[in-house]
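Encoded as structure tokens, the structure appears first; notes follow it.
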Amino acid sequence: MDARLRLARSSGAIPTCPPEAPLAMPAQPVDLPRVKPAPELDGRWRLGVIVIAAALITGLAAYEMYNTLNVSGMTVLEWVVLVLFCLNFAWISSASATAFAGFFTLLAAPRAKPVPAASTDPSIASRTVIILPMYNEQPARVLGGAEAVWDALVAAGAASHFEIFFLSDTTDPEIALAEEAAFTEIRARRPGAPFFYRRRTINRHRKSGNVHDFVERWGGRYDFMVVFDADSLMSPSTLVELVRRMETRPRTALIQTFPVIVSAQTVFARAQQFAMRAYGPLFGGGVAWWAGGAGNFWGHNAIIRVRAFAAHAGLPSLPGKAPLGGPVLSHDFIEAALLRRAGWRVEIAPDIGGSYEECPPTMVDIAARDRRWAQGNLQHLGLLGAKGFDGVSRAHITAGVMGYLSAVLWLGLILAGLGLSLQGAFLRPAYFGAGESLMPHWPVIDDARAFRLFILTAAIVLSPKWLAMLLWAAGKLPGWTRNPRFLLSLVAEAVLSALMAPVMMLNQAGAVFSTLLGRDAGWRPQVRDREGFAWADLLRHYTPHMVFGAALLGSALAISLVFGAWIAPAALSLLLAAPLSAWAARRPRSGSFLWSLQATPEDLEVPDIVTAAEASTRTLRGVEADRFEEVVASPAAARHHADFVDSRWPVEPGEIHAPTAFVLARLEQDSPETMIARMGKAERMAALNRPDLLERIAAATAAPSHAAAPLSPTPVSASAG
């Protein structure tokens with residue numbers, strides 16, 4: 001790092017962290033009486049409309065399915081098929097009913113402005129912080145996006161009301177040093193800008209613990225906080241509009257935007273991006289309609305009233321151990337439910353544009369994310385019956401659980417249907433009942449009823465697609481023009497989703513089974529960019545899928561060629577999971593036919609904030625970071641680095657921080673060169689997080705023949721700092 005940046009870092013013009021402004025955030029009891037909210041126009045009756053509609057559709061489908069199966073009495077296996085079918089159909093029909101609600105909401109919206117743009121008039125008075133929790137992310141991407149947001153706020157004349165705070169939970173020493181270098185660079189490029197950085201020394205309770213630590217230490221400084229993910233972006237007009245709404249709605253604790261996916265590069269990510277952009281307005285509008293003031297929180301791209309959050313959204317700890325017990329992983333749904341329980345409004349605002357995020361680039365990466373999310377959502381089963389939760393909040397929690405349990409139900413329906421077919425093919429039916437009869441009872445399937453059931457199922461499953469097509473034809477699908485290419489893109493997305501759905505089903509079902517078997521998903525950083533996979537890795541990852549696909553197809557063909565043809569699409573998708581995943585990880589050239597086939601409005605006209613973030617990210621990628629060996633090469637370098645170290649070590653009295661103990665032991669036994677070579681990531685992070693320890697290592701490295709100064713005897717005190 002050059003001398004100019006070292007001088008900027010050490011000058012201390014703006015501290016790395018602002019003065020602490022503590023705000024208590026106690027853990028909330030699971031059972032607490034509900035505070036009834038003030039009278040609202042958007043009441044719970046709307047959810048009742050969705051439930052009744054879904055129940056009627058499911059009842060009709062169940063009636064048709066029962067009569068289709070009941071050709072000569074119902075067997076146990078047929079009852080299993082019927083129950084699984086009804087559970088699956090109830091889930092998809094509730095989603096379809098939500099899409100219909102969004103359809104009518106958008107259809108009734110003004111034609112000229114179906115999604116009103118937020119005003120850039122900075123007539124706001126509150127202090128708002130944009131927080132960016134980070135965990136082993138690409139520093140250039142996170143800080144580059146934040147720099148672009150800040151520059152946009154400056155251009156809009158609203159920057160004086162905002163600050164940006166990077167909340168690092170990074171555990172990789174190289175990434176930690178890269179974060180420091182990138183932060184130093186944007187501080188030097190934007191002198192006086194209120195950018196702050198804190199890296200936790202011990203990552204308790206993951207992301208929710210990261211935010212909790214921030215609120216308890218600096219929450220009193222701010223009126224509102226806007227929560228970003230590492231890949232989040234918002235236009236300045238969106239940020240100002242969110243603040244304005246919070247200022248004018250004193251009973252609202254949280255407003256969740258509906259972010260649009262941008263910057264997708266791979267075939268898989270672009271298909272996800274198109275689907276979210278085409279069908280997302282239906283679901284966003286529908287959920288906002290029936291949720292009303294009992295909306296949900298998705299963990300990012302939302303604004304929160306800090307004092308309400310601190311007073312009422314402290315997470316309880318679940319009984320038992322991970323994966324189903326311990327700290328709450330999927331914190332966002334529960335935080336929203338806790339705020340609502342305390343009488344606050346939680347709103348979803350799909351009418352505010354200018355909110356963006358990115359998508360995992362490959363099927364493998366989204367499977368890894370689903371593994372974490374499945375565990376977190378299944379934890380919610382223990383909170384579903386918590387006292388005082390709003391009925392609509394319970395509906396959100398149930399939907400989150402069903403998002404993964406539905407994969408198990410679908411898999412169960414396939415296996416039960418296969419078993420039913422095998423039973424019919426290889427077990428001799430009883431044509432004569434127990435009583436005397438001159439005529440046999442021939443099992444005859446009602447083809448007309450079966451066809452009606454097929455049409456009903458297809459209409460419900462595909463309803464988001466044809467509803468989006470109707471909105472597009474009416475000119476009411478936000479952001480889309482009436483270019484006929486949209487229809488081709490819609491068909492292409494439907495084909496791609498059909499190809500990938502069986503693989504995704506097995507991934508999610510496996511995530512559920514893994515959680516129920518007691519396997520903790522851990523905490524791995526989210527992969528946001530990928531350059532493909534080695535074939536050996538893909539084959540190893542998808543071996544279970546291919547084996548299951550082969551068994552499924554073989555069993556179906558053993559029944560009949562017709563049944564084999566019926567099951568072939570799903571089975572072949574699983575058999576070809578590895579090449580399908582490899583193809584979906586391709587990056588089509590910009591402007592090519594494959595790229596254009598899934599192009600969204602944001603692809604064709606890239607938002608200014610996205611363009612600015614990409615430019616800033618490219619610049620920051622060229623910033624050279626110190627290496628650990630350089631930091632410990634001299635006491636001066638170690639002292640410069642100390643500016644970034646958090647003063648708080650949340651270690652209980654008597655508790656030993658093992659990586660620190662390892663470094664201390666090595667200091668006494670090894671030469672500096674040997675000690676540094678033997679230090680793993682955890683030990684290096686412990687040294688980076690302890691200025692006194694780092695300076696001692698640096699002193700020993702600079703003058704190994706001299707005894708180093710003794711270390712402070714209170715390295716891990718809970719009250720340190």
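Quickly work out the Ala425-to-Leu56 label distance, labels modelled 7 Å from Cα along the C-beta direction, and quote it in nm with one decimal. Roughly 4.0 nm, to one decimal. Sorted ascending by nearby beta carbons within 10 Å, beginning with the fewest, His212, His205 become His205, His212. Counted without the sites themselves, the longest stretch of the chain free of GluC sites (Glu not before Pro) in a DSSP loop having at most 16 other beta carbon atoms within 10 Å is 41-435.
Listed from fewest to most Cβ neighbours within 10 Å, the set Tyr197, Tyr66 follows the order Tyr66, Tyr197. Cα centroid separation, region 370-385 to region 253-287: 22 Å.
Remark on Ile261: its backbone amide H falls under 5 Å from those of Glu357, a criterion applied only to residues 5 or more positions apart or on other chains, H modelled at 1.01 Å from N. After finding the eigenvalues of the alpha carbon gyration tensor for region 628-702, what semi-axes result from the square roots of 5 times each, listed largest first in whole Å? Equivalent-ellipsoid dimensions as semi-axes: 19, 16, 9 Å. The calculated 222 nm mean residue ellipticity attributable to helices in the chain amounts to -18000 deg cm²/dmol, summing -39500 (n - 2.57) over DSSP H runs of n ≥ 4 and dividing by all residues.
Here's how it looks for Arg345: its modeled amide H is under 5 Å from those of Thr252, Ala253, which are all 5 or more places away or on a different chain. Simple spin-label estimate for Ala665 and Ser560 gives 7.0 nm between the two label positions (7 Å along the Cα-to-Cβ direction from each Cα). Contact order normalised by length for the chain, with contacts defined as Cα pairs under 8 Å and 6 or more residues apart; what percent is it? In percent, rounded to a whole number, it is 21. The Ser590 and Thr481 beta-carbon pair, evaluated with R₀ = 25 Å, returns a calculated FRET efficiency of approximately 0.80.
Residues within the reach of a label modelled at Glu655 (point 7 angstrom out along Cα to beta-carbon, backbone nitrogen below 16 Å), restricted to region 684-699, are 686. Each residue of region 198-210 was assigned a 3J(HN,Hα) from its phi angle through the Karplus curve 6.51 cos²θ - 1.76 cosθ + 1.60 (θ = phi - 60°); the sequence is 9, 10, 5, 7, 9, 8, 6, 6, 6, 5, 4, x, 4 Hz, with glycine and proline shown as x.
If only the Cβ of Lys and Arg carry +1 and only the Cβ of Asp and Glu carry -1, the dipole of the chain around its Cα centre is close to 980 debye.
When only alpha carbons of region 353-409 are considered, Rg and Dmax amount to 14.1, 40 Å.
Loop-resident trypsin sites (Lys or Arg not before Pro) (DSSP state other than H, G, I, E or B) in region 593-648 with no more than 12 further Cβ atoms inside 10 Å of their Cβ: Arg627. Take the convex hull of the alpha carbons in the chain; its mean projected area over all directions comes to 35.9 nm². With respect to the chain, whose longest principal axis is taken over its alpha-carbon atoms, helix 485-516 is tilted by about 80°. Annotation for region 36-73 versus region 494-543: alpha-carbon center distance of 32 Å. Cross-link reach is defined here as a Cα-Cα straight distance under 16 Å, omitting same-chain residues fewer than 8 places apart; for Lys387 the aspartates and glutamates meeting it are Asp31, Glu335. Relative to the longest principal axis of the Cα atoms of the chain, the long axis of helix 561-575 makes an angle of roughly 0 degrees. Could you give the angle, 0 to 90 degrees to the nearest 10, between helix 139-155's Cα long axis and the longest principal axis of the Cα atoms of the chain? Computed tilt is about 80 degrees. Among Thr362, Thr105, Thr75, a tally of other beta-carbon atoms within 10 Å of each Cβ gives an order, fewest to most, of Thr75, Thr105, Thr362. Hey, with R₀ at 51 Å, roughly what FRET efficiency would Leu381 and Ala636 work out to, going by the Cβ-Cβ distance, to 0.05? Once rounded, the FRET efficiency stands at 0.40. Model label sites at Leu572 and Thr674, defined 7 Å from Cα along the beta-carbon direction, differ in position by 6.4 nm. Restricting the trypsin sites (Lys or Arg not before Pro) of region 476-541 to loop positions (DSSP other than H, G, I, E, B) with no more than 16 neighbouring Cβ atoms within 10 Å leaves Arg482, Arg519. Close amide H partners of Phe196, meaning residues 5 or more places away or on another chain with modelled amide H under 5 Å apart, are Ile164, Phe165, Phe166.
The stretch between Thr611 and Ala21 holds 208.9 nm of extra length on full extension. This uses 0.36 nm per residue minus the Cα-Cα distance.
Between Leu488 and Leu107, the FRET efficiency from the beta-carbon distance, with R0 = 22 Å, is close to 0.40.
Any read-out appearing in this document is the output of simple, stated calculations on the displayed coordinates, not a laboratory observation. Keep in mind the model is a prediction, meaning the values are calculated, not measured. Note that each Cβ is placed from the backbone with ideal geometry, even for glycine, and that neighbours are counted across all protein chains shown.
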